[in-house]
Each structure stands twice: as C-alpha cells, then as structure tokens.
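Notes to accompany the following structure.
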C-alpha cells in the first residue's frame with residue numbers, strides 16, 4: 001500500500017474552563033474549519049453559564065470540538081457533536097477518548113441527516129458551519145420545523161462580519177450580538193409561542 005502524504009496538518013487549542021480546563025484538543029487543517037477563538041469562547045460561555053449546567057447540547061458542525069467539549073467541560077449533561085469531515089471526526093473521537101468524555105456522543109455525517117432523524121429536543125445549540133456551505137438557514141429551519149428546541153433554548157450563531165445575518169425563524173429572538181475580527185457572533189433564544 002502506498003504511503004499517504006502528510007497533507008492533513010493539525011493545530012491545537014485549549015479548553016478554557018470547567019473540569020478539563022487547560023486540556024489540549026487537536027484538529028486538522030481542513031477547508032472551512034475555524035475553531036472559535038479563546039476570547040469569543042470566553043464571552044459565549046459567560047453568556048451561557050446560567051443555562052449550561054445539566055443541559056442537552058448540540059454542536060451542529062463540531063470541527064475542532066472547541067464548543068462541544070467546552071460545554072461538556074462546564075457541566076452540560078449531554079453533548080451531541082456532528083461532523084462530516086472524516087479527518088476532523090477521527091480527531092474528535094481521539095479527544096473524546098483522551099478526556100473520557102462519557103457525556104459526549106459523536107456522529108459522523110451531514111448535520112441535515114442527523115436532524116432529520118432526531119427526536120429529542122435540545123437546550124443549547126452551536127450553529128457555526130463552514131462558511132462556504134451556507135447552512136445557517138437550512139439548519140435553523142430543520143431545528144424549528146422538527147421541534148428540536150426546548151422552549152427557552154439558546155442558539156449560538158457565528159458568521160462572517162461582512163455578511164448579513166442569516167434568515168432565521170421568527171421564534172428566534174436575539175439576546176446578544178458582538179463581533180471580533182472578521183466574525184460576527186450572536187446568542188438567540190427560542191420562544192415556542194412566537195409565530196413563524
């Protein structure tokens with residue numbers, strides 16, 4: 001068998017809070033994979049702190065695992081992480097094993113397929129897909145149409161600063177919004193009584 005070229009370089013990042021604080025995660029350098037930076041993550045998890053303990057979380061396009069493992073580290077009861085890139089998925093599996101992260105479940109494949117077959121609603125959702133796939137609106141619609149958000153669920157959105165906010169359901173209400181460098185990020189609350 002021919003030896004593969006080492007084309008997949010890896011980067012590392014650190015979990016910044018909770019039981020795994022300071023532990024390193026590796027991730028492959030693949031197109032569209034942009035780990036959420038430390039400053040943004042610190043802000044986001046400060047926002048989420050009141051609702052994170054015991055919550056059920058979904059990391060729609062897990063990539064490096066920065067958001068999903070951070071949530072688990074800080075007290076989420078269950079974290080479902082979806083990843084469609086095989087190299088990224090393999091490193092997520094290694095990280096899960098190294099951290100002994102029993103509360104984390106990993107799914108290899110497209111997030112649209114996962115959501116189409118999901119039944120249990122989530123309390124916290126991380127929606128930070130590879131920009132080139134433009135999946136924000138598609139995922140938001142699936143989450144809402146398939147009743148996969150508990151009332152009061154928090155949804156984190158990250159998208160390019162130069163882009164308009166994606167088209168989102170009327171039941172998603174923006175709580176906070178900021179920008180850092182080339183990124184805009186926002187936290188929404190799902191209110192089931194709101195008309196779509």
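Values quoted throughout were computed directly from the atomic coordinates according to the rules given, and no laboratory measurement underlies them. All values reported here derive from a predicted model rather than from experimental measurement. Reconstructed Cβ throughout: ideal geometry from the backbone, glycine too, with neighbour counts over all protein chains shown.
How large is the translational diffusion coefficient of region 3-102 in µm² per second when you combine the Kirkwood radius over alpha carbon pairs with Stokes-Einstein at 4 °C and 1.567 mPa s?
Numbers: Rh = 13.8 Å.
It diffuses with D of about 94 µm²/s by this estimate.
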Over the chain, what is the relative contact order in percent, taking alpha-carbon pairs closer than 8 angstrom and at least six residues apart? 16 percent
In deg cm²/dmol, rounded to the nearest 500, the helical mean residue ellipticity at 222 nm of the chain, built from -39500 (n - 2.57) for every DSSP H run of length 4 or more, is -8500 deg cm²/dmol
Just to be sure I understand: with springs between alpha-carbon atoms less than 10 Å apart, which residue in 70, 83, 177 has the highest mean-square fluctuation in the Gaussian network model of the chain? 177
Quote to one decimal, in nm, the extra length available between residue 38 and residue 164 on full extension: 0.36 nm per residue of separation minus the C-alpha distance between them. 43.0 nm
How do 105-111, 123-129 rank on mean C-beta neighbours within 10 Å, highest first? 123-129, 105-111
Candidates 85, 164, 151, ranked by Gaussian network fluctuation over the chain, Cα under 10 Å, top entry: 164
Antiparallel as a % of all DSSP beta bridges within the chain, to the nearest 5? 55 percent
What is the gain in length, in nm to one decimal, between residue 93 and residue 178 on full extension, counting 0.36 nm per residue of separation less the C-alpha to C-alpha distance? 27.4 nm
Once you have a ≥ b ≥ c as the square roots of the Cα gyration tensor eigenvalues for region 86-166, tell me rounded if a/c is under 1.5, and otherwise prolate or oblate according to whether a/b is larger than b/c. oblate
Can you give me the Cα centroid spacing of region 144-196 and region 21-67 in angstrom? 16 Å
